[in-house]
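Colleague: Dumping the structure here so I can ask a few things about it.
The values are calculated or read from the model by the stated rules, or taken from the named source; none is laboratory data. The shown structure was predicted, so the numbers you read here are calculated from the model rather than taken from an experiment. Neighbour counts are summed over all protein chains in view; Cβ atoms, including those assigned to glycine, are modelled from backbone coordinates with ideal geometry.
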Amino acid sequence: MLAEICPYDLTNTCEITVDAAQKETAYETLQSLADTDERFVSDTYEDFVAQWESVTSFISLAGYAFLIILGAIGVMNLVNTMINSVYTRKHELGILQAVGMSERQLTRMMQMEGLFYTLCTLILSLGLGSLAGYAAFLYARSEGLMNITVFHYPFLQAVLLTVTVATVQLVLTFAVTKSFRRTSLIERVRYSE
């Protein structure tokens, strides 16, 4: 009958549930029974919870360390893309300013490009990342991996990612625009690779 209900082999396991008021007495009695034979092992629910919390903390720490490394690589890629976007078009931007584009319009154009990069980054990372995370949860739940049964969306981490990417993009746009303004219009027009 038990084999029909539970697919796991529990022939070596006995689980005992007691009222909360009798928990300590039951544990002491079972522990004294387990002490009589080395083949008997006694554990409590609290022991299992502490063990799983420890495992979960370690996995979370390793996951966040990996994500921080990926995030740093992503930020460096964003910086590289933005800087190359401006300096490889230095001549083009100089020509646009020579025919009448104001500094304000140039700054606005660079801000819009930065906003485009930021939105694409967030759509890909939060959108596709959330879908991939939920798919991983569904797989883990169906396979019984680590007893995962509940999905929690990481709102705090998503907000932190959004704020970080937006802040990096704003600072980067400001720095690149300021650096670009330091060169004279003649130098920009003469610029060639």
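Colleague: Please work out which residue is farthest from Ser142 (Cα to Cα), limiting yourself to the range 9-30 and to residues that are modelled with pLDDT of 70 or more and part of a loop (DSSP other than H, G, I, E, B). Reasoning before the result, please.
Modeller: If we filter the range 9-30 for residues that are modelled with pLDDT of 70 or more, which is where we start, we get 12-30.
Filter once more, so that each one left must be part of a loop (DSSP other than H, G, I, E, B): 12-19.
Numbers: Asn12: 25, Thr13: 24, Cys14: 25, Glu15: 24, Ile16: 27, Thr17: 27, Val18: 30, Asp19: 32 Å.
Applying the filter and picking the extreme gives Asp19.
Colleague: In the set Leu128, Leu70, Leu119, Leu96, which member is part of a helix (DSSP H, G or I) and at pLDDT below 85?
Modeller: On the way: Leu128 fails: at pLDDT below 85; Leu70 fails: at pLDDT below 85; Leu119 fails: at pLDDT below 85.
Among Leu128, Leu70, Leu119, Leu96, only Leu96 is part of a helix (DSSP H, G or I) and at pLDDT below 85.
Colleague: So for the range 106-121 (the condition being of a type in the set (D, E, K, R), in the same structural domain as Leu172 (by TED's automatic domain parsing) and closer than 26 Å to Ile83 by Cα), does at least one residue qualify? Step through it out loud before you land on a result.
Modeller: First pass over the range 106-121, keeping only residues of a type in the set (D, E, K, R): 108, 113.
Next cut, in the same structural domain as Leu172 (by TED's automatic domain parsing) only: 108, 113.
Then keep just the ones that are closer than 26 Å to Ile83 by Cα; that gives 108, 113.
Yes, that holds for at least one residue.
Colleague: Then there's this: Working carefully through the options Arg104, Arg181, find the one that is assigned to a helix (DSSP H, G or I), charged (D, E, K, R) and surrounded by 11 or more Cβ atoms within 10 Å (Cβ to Cβ).
Modeller: Arg181
Colleague: Pairs under 8 Å by beta carbon, first residue hydroxyl-bearing (Ser, Thr, Tyr) in the range 98-113, partner surrounded by 14 or more Cβ atoms within 10 Å (Cβ to Cβ), six or more apart or different chains?
Modeller: Taking only residues 6 or more apart or on different chains, the pairs are Thr107/Thr177.
Colleague: Select, from Gln169, Gln157, the only residue that is in contact with a Gly (Cβ under 6 Å, 6 or more places away or on another chain) and either surrounded by 12 or more Cβ atoms within 10 Å (Cβ to Cβ) or in a helix (DSSP H, G or I) (or both). It would help to see each step written out before you state the result.
Modeller: Values: Gln157 fails: in contact with a Gly (Cβ under 6 Å, 6 or more places away or on another chain).
Matching residue, one of Gln169, Gln157: Gln169.
Colleague: Counting only residues that are surrounded by fewer than 13 Cβ atoms within 10 Å (Cβ to Cβ) and aliphatic (A, V, I, L, M), which one in the range 117-140 is farthest from Val165 (Cα to Cα)?
Modeller: Only one residue tops the list, namely Leu138.
Colleague: Can you name every residue in the range 140-183 that is within 12 Å of Gln111 (Cα to Cα) and in contact (Cβ under 8 Å) with a residue 60 or more places away in the chain?
Modeller: Within the range 140-183, Gln169, Leu172, Thr173, Val176, Thr177 meet the criteria.
Colleague: In this structure, is Met82 aliphatic (A, V, I, L, M), outside any helix (DSSP H, G or I) and surrounded by 14 or more Cβ atoms within 10 Å (Cβ to Cβ)?
Modeller: Against the criterion (aliphatic (A, V, I, L, M), outside any helix (DSSP H, G or I) and surrounded by 14 or more Cβ atoms within 10 Å (Cβ to Cβ)), Met82 does not qualify.
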